[in-house]
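Below is one structure; the comments refer to it alone.
The values are calculated or read from the model by the stated rules, or taken from the named source; none is laboratory data. What you see is a predicted model; the values in this text were computed from it and never measured. Neighbour counts run over all protein chains shown; Cβ positions are idealised from the backbone, glycine included.
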Amino acid sequence: MNDAEIRDLLLGTRRIAVVGASNKPARPSYGVMEFLLAQGFEVTPVNPGLAGQEILGQLVVASLAEATPLDMVDLFRNPAEVEAPVREAIRLGAKSVWMQLGVINETAAELAREAGLTVVMDRCPAIEMPRLGIVKA
């Protein structure tokens, strides 16, 4: 995706499900979730092992279905494990799938694209937003 497409995607997104959210402040998913909340996004952490708890004041849910309605699914998962949540994102009507830094799965990306979802892979919104100048002060 080019910069204009990423900018449009981020500016058109409001609700984000973070799959693989962690309650550990040292983990990248925690920092990204904190950043997204500070930018005004509605963020739902998805982690079956932490369901019912809170991360950054947000109730953790066990599945993507519990995070609906959603615009974007942000994946902090092993690349080999993203196909199932991508299929679920498609089924639930997400508009986009964002695979974090190091998360590269061409098969899952192609499934999402064929279903009409926008796909970002091997990038991070907490890096892209400041780089593109679209952060709130």
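Of the numbered conditions (1) part of a helix (DSSP H, G or I); (2) surrounded by fewer than 16 Cβ atoms within 10 Å (Cβ to Cβ); (3) in contact (Cβ under 8 Å) with a residue 40 or more places away in the chain, PRO85 satisfies every one except a single condition; which is it?
Result: PRO85 fails condition (2) only.
For the stretch 40-51, does any single residue satisfy the condition of being of a type in the set (Phe, Trp, Tyr) and under 20 Å from ASP122 (Cα atoms)?
Filtering the stretch 40-51 down to residues of a type in the set (Phe, Trp, Tyr) leaves 41.
Next, from what is left, pick out any that are under 20 Å from ASP122 (Cα atoms): none.
The answer is no; no qualifying residue exists.
Of (1) assigned to a helix (DSSP H, G or I); (2) free of Cβ contacts under 8 Å to residues at least 40 places away in the same chain; (3) surrounded by fewer than 20 Cβ atoms within 10 Å (Cβ to Cβ), GLU128 satisfies all except one. Which?
(2)
Among the residues of the stretch 31-39, are any over 18 Å from ILE127 (Cβ atoms), in a loop (DSSP other than H, G, I, E, B) and not charged (D, E, K, R)? It would help to see each step written out before you state the result.
Quick first cut of the stretch 31-39, residues over 18 Å from ILE127 (Cβ atoms) only: none.
No, every residue in the stretch 31-39 fails to be over 18 Å from ILE127 (Cβ atoms), in a loop (DSSP other than H, G, I, E, B) and not charged (D, E, K, R).
Could you tell me whether the stretch 20-41 includes any residue that is modelled with pLDDT of 95 or more, among the acidic types (Asp, Glu) and in contact with a strand residue (DSSP E or B) (Cβ under 8 Å, 6 or more places away or on another chain)? Walk me through how you get there before you give the answer.
Start the filter on the stretch 20-41 by keeping residues that are modelled with pLDDT of 95 or more, which leaves 20-41.
With the extra rule that they be among the acidic types (Asp, Glu), the set shrinks to 34.
Filter again for in contact with a strand residue (DSSP E or B) (Cβ under 8 Å, 6 or more places away or on another chain), leaving none.
Checked the stretch 20-41: no residue is modelled with pLDDT of 95 or more, among the acidic types (Asp, Glu) and in contact with a strand residue (DSSP E or B) (Cβ under 8 Å, 6 or more places away or on another chain).
Can you pull out the residues in the stretch 1-50 that are among the small types (Gly, Ala, Ser) and either surrounded by 14 or more Cβ atoms within 10 Å (Cβ to Cβ) or over 18 Å from ASP71 (Cα atoms) (or both)?
The first filter runs over the stretch 1-50 and keeps only residues among the small types (Gly, Ala, Ser), leaving 4, 12, 17, 20-22, 26, 29, 31, 38, 40, 49.
Hits for the stretch 1-50 are ALA4, ALA17, GLY20, ALA21, SER22, ALA26, SER29, GLY31, GLY49.
Within the stretch 93-106, which residues are more than 16 Å from VAL43 (Cα to Cα), surrounded by fewer than 19 Cβ atoms within 10 Å (Cβ to Cβ) and either in contact with a strand residue (DSSP E or B) (Cβ under 7 Å, 6 or more places away or on another chain) or without any contact (Cβ under 8 Å) to a residue 40 or more places away in the chain (or both)?
Answer for the stretch 93-106, where residues must be more than 16 Å from VAL43 (Cα to Cα), surrounded by fewer than 19 Cβ atoms within 10 Å (Cβ to Cβ) and either in contact with a strand residue (DSSP E or B) (Cβ under 7 Å, 6 or more places away or on another chain) or without any contact (Cβ under 8 Å) to a residue 40 or more places away in the chain (or both): GLY93, GLY102, ILE104, GLU106.
Might you let me know whether the stretch 19-40 holds any residue that is in contact (Cβ under 8 Å) with a residue 40 or more places away in the chain, within 19 Å of VAL135 (Cα to Cα) and in contact with a Leu (Cβ under 8 Å, 6 or more places away or on another chain)?
So far as the stretch 19-40 goes, yes, one or more of its residues are in contact (Cβ under 8 Å) with a residue 40 or more places away in the chain, within 19 Å of VAL135 (Cα to Cα) and in contact with a Leu (Cβ under 8 Å, 6 or more places away or on another chain).
I'm checking my understanding of the structure. Among residues of the stretch 51-60 that are under 17 Å from the mean Cα position of the chain (by Cα) and outside any loop (DSSP other than H, G, I, E, B), which one is surrounded by the fewest Cβ atoms within 10 Å (Cβ to Cβ)?
The residue in question is LEU59.
Please verify whether the stretch 103-118 includes one or more residues that are assigned to a helix (DSSP H, G or I) and within 20 Å of ARG14 (Cβ to Cβ).
Let us first name the residues in the stretch 103-118 that are assigned to a helix (DSSP H, G or I), namely 106-114.
Right, trim to within 20 Å of ARG14 (Cβ to Cβ) and you get 112.
So far as the stretch 103-118 goes, yes, one or more of its residues are assigned to a helix (DSSP H, G or I) and within 20 Å of ARG14 (Cβ to Cβ).
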